[in-house]
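> Submitted below is the structure of interest, expressed as structure tokens.
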Amino acid sequence: MTSKELRQKYLDFFRSKNHTIISSASLIPENDPTVLFTTAGMHPLVPYLLGEKHPAGNRLTSCQKCIRTSDIDEVGDTTHHTFFEMLGNWSLGDYFKEKSIEMSWEFLTSPDWLNLDKNRIAVSVFAGDKDAVFDQESYDIWKNKIGISEIKIAKLPKKNNWWGPAGLTGPCGPDTEIFYWTGDVNKIPNSFNDDNSLWVEIWNNVFMQYNKTSENKFELLKQQNVDTGMGLERILAIVNGSADNYQTDLFKNIINKIEQLSDKKYGNNSEIDKAIRIIADHLKATVFIMSDEKNISPSNTDRGYIVRRLIRRAIRYGRQLGVVKKMWIKEIAKVVIDDYADVYFELQKNINFIITQLDKEEEKFSKTLELGLKQFENQKLKVKSISGQIAFDLYQTYGFPIEITKELAKESGLDVDEKGFLKYFKEHQDLSRTASAGMFKGGLADASEETIKYHTTAHLMLSALKKVLGNHVSQKGSNITAERLRFDFSHNEKMTVEQLQQVENLVNQAIKQDLIVSCEEMDLEQARSKGATGVFDLKYKEKVKVYTIGLGDNIFSKEICGGPHVNQTGILGKFKIKKEESSSAGVRRIKAILQ
Ligand code: GLY
């Protein structure tokens, strides 16, 4: 089965069960300051899991692009990825455990769908602890309704059978996980133990009925939700009888290209395979991140740092593989774009940006890589561990992300004084916004009143910017906390003092007028014809929410957005722009506060 067939089969199955297919959301979460990337299909759905009404109904399904940066260093084996696609189905206060488990079972084992061997399937359920009781209900459904024998149902603790919140707070709950035996069919064990790596987890059904609060309490949610996640790469490999995700069609052409460029062959389970997988995964992830409308380019902070780290690690492994061709990484990127072009339209749309950025970064890093490696080799002979100063020098002078230095050191059996590195780093940079500060762990937007106020203010500001600078202005990113608003938008020049003053005045006038904020659900065409701003390239014909600020002929802003927002602008306070600066080429950044 091809990836295209499988993706479609999954969505078709859930459509036949009255789910609405929704498009993959962006890899860059909207209005969520605590997380860099979308990490699961549920991530864009958090407000709806918390009880907000979704315009497409209460049964949804999607294939969501995801990036998990926590797995970057694991990439290299047959199952880990930085970029992956997650198939998922959701019940927002509709069906719960029984229906969810039954549908998963039907999709996996029915001859009409995936037709997997039932004997190879085992499951786990939540064993219970001080926060929540043993999931007897799921256990009984598996045993009595589905007919899985008791020895193939493991009861496991929170560490294994609890999912979420995606960050520190938010929706979460016990889950039941479905495993598939990838070993010899004649050697299926009599009992199930998820420590055995031949049992591969293929699907996770999460029963989201709790909200974890900032006081570490598990409160019952208003509604009982289902959130499931199945990695497309993994299930595709399984359906095709392989345990190596990299041998599916989602990697075939990319790997062929790497083989051609390096004159090496994939499939001998050696160090060569590891290098090929790292290059394939990292460059694919890079292409997807850069295809986002927000124009993320390699840099030393935030998402840009992740992109830089991925590209540079891929280049280093390319060198290890013996790729001699110069400016080669764009060739892999072109294959990625071709392979996915008809599923993710944004790739082709942003191809020029992607290729230009890759070329620039490769040129930059190639100049220093050899020298940096030499420097590392010299130091290695002299020292027992890599000091903070050496690591910082490799970073500063040769452009080695600290993670590459750590990897090189590990290969030579050396330690790196990371604390020392951070000390030097801190002296040179604002550590608070970088990868090393640990902000990449992920988390959810807080839905505090203050944060919501800033969210509505962001709409007012975008509209004011358009009025002052022109209609070319579009949102490129936002980062909103309870203390301030940071907003990136497309514009080529530094704003003048007068322009900033005009924007401030317009926003403050809109606040003074105490405009009503209203929300309507409509289809995309309608939103477009009503002049709403926002993302228009959804793949499926789904409904969207449009937030309007103002009434009748006094409409200040109209934007497609998931919410939430305040009801009236009067409560926002006084709007003040603190800073206007460049964010990246053609993108400006404003920091603003409410007083
Ligand atoms: N949200 C379910 C999962 O990621 O497994």
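The values are calculated or read from the model by the stated rules, or taken from the named source; none is laboratory data. Remember, it's a predicted structure, so these values are computed and weren't measured experimentally. For neighbour counting, all protein chains shown are included, and Cβ atoms are generated from backbone atoms with ideal geometry for every residue, glycine included. Heavy atoms of the whole protein, side chains included, go into the accessibility calculation; ligands, DNA and RNA do not. Shrake-Rupley method; radii C 1.70, N 1.55, O 1.52, S 1.80 Å.
> Could you check residue 66 against (1) over 26 Å from residue 191 (Cα atoms); (2) open to solvent by 50 Å² or more (accessible area, probe 1.4 Å); (3) touching a Ser or Thr at 6+ places or on another chain (Cβ under 9 Å) and say which number it fails?
Exception for residue 66: condition (2).
> Give 67, 72 a once-over and let me know the one that is within 14 Å of the ligand (Cβ to nearest atom), under 30 Å from residue 402 (Cα atoms) and aliphatic (A, V, I, L, M). Even if it seems obvious, please write down each step before you answer.
Values: 72 fails: within 14 Å of the ligand (Cβ to nearest atom).
From the options 67, 72, the qualifying one is 67.
> Just wondering, is there one or more residues in the stretch 175-197 that are within 26 Å of the chain's Cα centre (by Cα), β-branched (Val, Ile, Thr) and within 15 Å of the ligand (Cβ to nearest atom)?
yes
> Residues that are small (Gly, Ala, Ser) and on the phi < 0 side of the Ramachandran plot: find the strands (runs of 3 or more DSSP E) completely inside the stretch 528-595 holding 1 or more of those. Spell out how you get there, then give the answer.
Working: elements: 543-551, 554-560, 575-584, 587-594.
It comes to 554-560, 575-584, 587-594.
> Let me ask something else. Testing residue 234 on (1) under 24 Å from residue 44 (Cα atoms); (2) assigned to a strand (DSSP E or B); (3) open to solvent by 10 Å² or more (accessible area, probe 1.4 Å), one condition comes back false. Which one is that?
(2)
> Could you please give the count of residues in the stretch 1-45 that are of a type in the set (Asp, Glu), within 20 Å of the chain's Cα centre (by Cα) and within 14 Å of residue 62 (Cα to Cα)?
Quick first cut of the stretch 1-45, residues of a type in the set (Asp, Glu) only: 5, 12, 30, 32.
Filter once more, keeping what is within 20 Å of the chain's Cα centre (by Cα): 30, 32.
Then drop every residue that is not within 14 Å of residue 62 (Cα to Cα), which leaves none.
Residues in the stretch 1-45 being of a type in the set (Asp, Glu), within 20 Å of the chain's Cα centre (by Cα) and within 14 Å of residue 62 (Cα to Cα): 0 in total.
> Report yes if residue 43 is open to solvent by 10 Å² or more (accessible area, probe 1.4 Å), within 16 Å of the ligand (Cβ to nearest atom), at pLDDT below 90 and not hydroxyl-bearing (Ser, Thr, Tyr), otherwise no. First the steps, then the outcome.
Numbers: open to solvent by 10 Å² or more (accessible area, probe 1.4 Å): yes; within 16 Å of the ligand (Cβ to nearest atom): yes; at pLDDT below 90: yes; not hydroxyl-bearing (Ser, Thr, Tyr): yes.
Spelling it out, residue 43 is indeed open to solvent by 10 Å² or more (accessible area, probe 1.4 Å), within 16 Å of the ligand (Cβ to nearest atom), at pLDDT below 90 and not hydroxyl-bearing (Ser, Thr, Tyr).
> Right, here's the next one. Quick one: residue 545 ticks every box in (1) at pLDDT 90 or above; (2) within 18 Å of residue 455 (Cα to Cα) except a single one, so which number is it?
Unmet condition: (1).
> Exactly one condition in (1) charged (D, E, K, R); (2) within 16 Å of the ligand (Cβ to nearest atom); (3) closer than 22 Å to residue 142 by Cβ is not met by residue 233; state its number.
Of (1) charged (D, E, K, R); (2) within 16 Å of the ligand (Cβ to nearest atom); (3) closer than 22 Å to residue 142 by Cβ, only one is false for residue 233: (3).
> Assess whether residue 169 counts as being within 16 Å of the ligand (Cβ to nearest atom) and more than 25 Å from residue 103 (Cβ to Cβ).
When the stated conditions are applied, residue 169 passes them.
> Of all residues in the stretch 75-91, which are away from the ligand (no atom under 16 Å from the Cβ) and open to solvent by 20 Å² or more (accessible area, probe 1.4 Å)?
Filtering the stretch 75-91 down to residues away from the ligand (no atom under 16 Å from the Cβ) leaves 75-78.
The answer is 77, 78.
> Just checking: which of the helices (runs of 4 or more DSSP H) contained wholly in the stretch 400-472 hold 3 or more residues that are closer than 30 Å to residue 573 by Cα, small (Gly, Ala, Ser) and at pLDDT 75 or above?
Details: elements: 402-411, 418-428, 449-469.
Where helices (runs of 4 or more DSSP H) fall fully within the stretch 400-472 and carry at least 3 residues being closer than 30 Å to residue 573 by Cα, small (Gly, Ala, Ser) and at pLDDT 75 or above, they are 449-469.
> Restrict the check to the stretch 22-35 and report whether at least one residue is within 16 Å of the ligand (Cβ to nearest atom), of a type in the set (Ser, Thr, Tyr), in a loop (DSSP other than H, G, I, E, B) and surrounded by fewer than 22 Cβ atoms within 10 Å (Cβ to Cβ).
yes
> So residue 60 passes all but one of these: (1) within 15 Å of the ligand (Cβ to nearest atom); (2) surrounded by fewer than 22 Cβ atoms within 10 Å (Cβ to Cβ); (3) of a type outside the set (Asp, Glu); (4) modelled with pLDDT of 95 or more. Which condition number does it fail?
Of everything listed in (1) within 15 Å of the ligand (Cβ to nearest atom); (2) surrounded by fewer than 22 Cβ atoms within 10 Å (Cβ to Cβ); (3) of a type outside the set (Asp, Glu); (4) modelled with pLDDT of 95 or more, residue 60 misses just condition (2).
> Just to be sure before I move on: is residue 216 open to solvent by 50 Å² or more (accessible area, probe 1.4 Å), under 17 Å from residue 158 (Cα atoms) and without any contact (Cβ under 8 Å) to a residue 24 or more places away in the chain in the structure I sent? Explain how you work it out, then say what you get.
Values: open to solvent by 50 Å² or more (accessible area, probe 1.4 Å): yes; under 17 Å from residue 158 (Cα atoms): yes; without any contact (Cβ under 8 Å) to a residue 24 or more places away in the chain: yes.
Considered against the rule, which asks whether it is open to solvent by 50 Å² or more (accessible area, probe 1.4 Å), under 17 Å from residue 158 (Cα atoms) and without any contact (Cβ under 8 Å) to a residue 24 or more places away in the chain, residue 216 comes out as yes.
> Can you find a residue that is aromatic (Phe, Trp, Tyr), more than 16 Å from residue 60 (Cα to Cα) and away from the ligand (no atom under 16 Å from the Cβ) anywhere in the stretch 127-136?
Let us first name the residues in the stretch 127-136 that are aromatic (Phe, Trp, Tyr), namely 134.
Still in the list and also more than 16 Å from residue 60 (Cα to Cα): 134.
Filter again for away from the ligand (no atom under 16 Å from the Cβ), leaving 134.
Yes; the residues of the stretch 127-136 include at least one that is aromatic (Phe, Trp, Tyr), more than 16 Å from residue 60 (Cα to Cα) and away from the ligand (no atom under 16 Å from the Cβ).
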